[in-house]
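Rule-based calculations on the coordinates, nothing more; no lab input. All values derive from a computational prediction rather than experimental measurement. Every residue, glycine among them, receives a Cβ derived from its backbone with ideal geometry; neighbour counts consider all protein chains shown.
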Amino acid sequence: MNVLRKQDLKILAASFVGFCVLYALMSEGIIGAFWQFNLILVGINIILSVSLNLINGYTGQFSLGHAGFMAIGAYVSAILTTNFHMTFLLALIIGALGAAVLGFLIGLPTLRLSGDYLAIATLGLGEIIRITIMNIEYVGGAAGFMGIPHYTTFPWVFGIMLFTLFVIKNFVNSAHGRACIAIRENEIAAEAMGVNTTKYKVMAFTIGAAFAGLAGGLFAHCFYIINPTSFTFMASFNYLIMVVMGGLGSITGSIAGAFVLTVISAALASWPEFRMIIYSLLLILLMFYRPQGLFGNIEIMDLKCFSRFKGGRN
């Protein structure tokens, strides 16, 4: 545990230095407005991919409804700041709690399913959330919710991203996280060894939903309007691609996947007619030559080049 704490402190210090460098480059205008906006999107996508990895990668459940929980956090926090003039942080927390409660309620019945059946169920629930929002006039219906204050900034996103990474990392390294990994490896064997599989699947699903709601709140306050079309099945699928591309069961992989796909999408914005073709070809090539993802299930601290950073002698 002491070694883990030392690693956490070193990573935190390195992250603080990285933040200071990026923020200075932004303040001086070296990083332009377009890439500043995309760095914010990178942070939001990292939160979403890491939280989805907890469900899909570490617990082994195939969820396709992550955008639905993101939508709950986005709309709840936007209503609280716009209509009730609540502080940004409190609105984000309530939005995340709303998504967590819904994740818990949805998880209880659906997580008794597995594999393709669970994927279809979560996909349907995500679409139910989106269609329900479209038919509520109070939040603008299909036209979207307008007049949202622009509170999301790079420091906010970076701080919440670090919080998310450390919470999920410590959860994975706890007894609860080990139970989730046991379920992923062999659910029948885990249950035979006394692991309450339903409890831990619902726990992972609830935590993942909470952080998706938190990311949704940041997303909503990044624009002046949010629309149900931002939370379709394709959004959930994009976050799943980030997780698979980085590596199932790797937090480092989720960070890499979110970063690479967001930057590629932004870099190809100048070629809209070829953007999705190039994007798809890159994904196909990755699946041919690196089917386990960029990092597989390995973390960056497990690499030999970081052995000295870990304090090891490899």
Task: Close pairs (6 angstrom Cβ cut-off, 6 or more residues apart or separate chains): touching a residue at least 60 places away in the same chain (Cβ under 8 Å) and within 24 Å of W35 (Cβ to Cβ) in segment 264-292, among the polar types (S, T, N, Q) and part of a helix (DSSP H, G or I) anywhere - done: A266/N38
Open item on the list: Considering only segment 74-84, I want to know if a residue exists there that is free of Cβ contacts under 8 Å to residues at least 24 places away in the same chain, over 20 Å from the mean Cα position of the chain (by Cα) and assigned to a loop (DSSP other than H, G, I, E, B).
Closed with: yes
Task: Set I168, I148, I106, I129: member being touching a helix residue (DSSP H, G or I) at 6+ places or on another chain (Cβ under 9 Å), closer than 30 Å to T87 by Cβ and assigned to a loop (DSSP other than H, G, I, E, B) - done: I148
Open item on the list: Would you confirm, using the coordinates I've provided, whether A210 is in a helix (DSSP H, G or I), within 19 Å of V101 (Cα to Cα), among the aliphatic types (A, V, I, L, M) and touching a residue at least 24 places away in the same chain (Cβ under 8 Å)?
Closed with: yes
- [ ] Please work out if F84 is under 26 Å from C222 (Cβ atoms) and surrounded by fewer than 22 Cβ atoms within 10 Å (Cβ to Cβ).
- [x] yes
Task: Single residue of M134, M161 found to be buried (at least 20 other Cβ atoms within 10 Å of the Cβ), touching a Gly at 6+ places or on another chain (Cβ under 7 Å) and touching a residue at least 60 places away in the same chain (Cβ under 8 Å) - done: M161
Open item on the list: If a residue must be among the polar types (S, T, N, Q) and under 13 Å from I47 (Cβ atoms), how many such residues does segment 203-245 contain?
Closed with: 0
TODO: Name the residue, out of F259, F205, F219, that is over 21 Å from E127 (Cα atoms) and in a helix (DSSP H, G or I).
DONE: F259
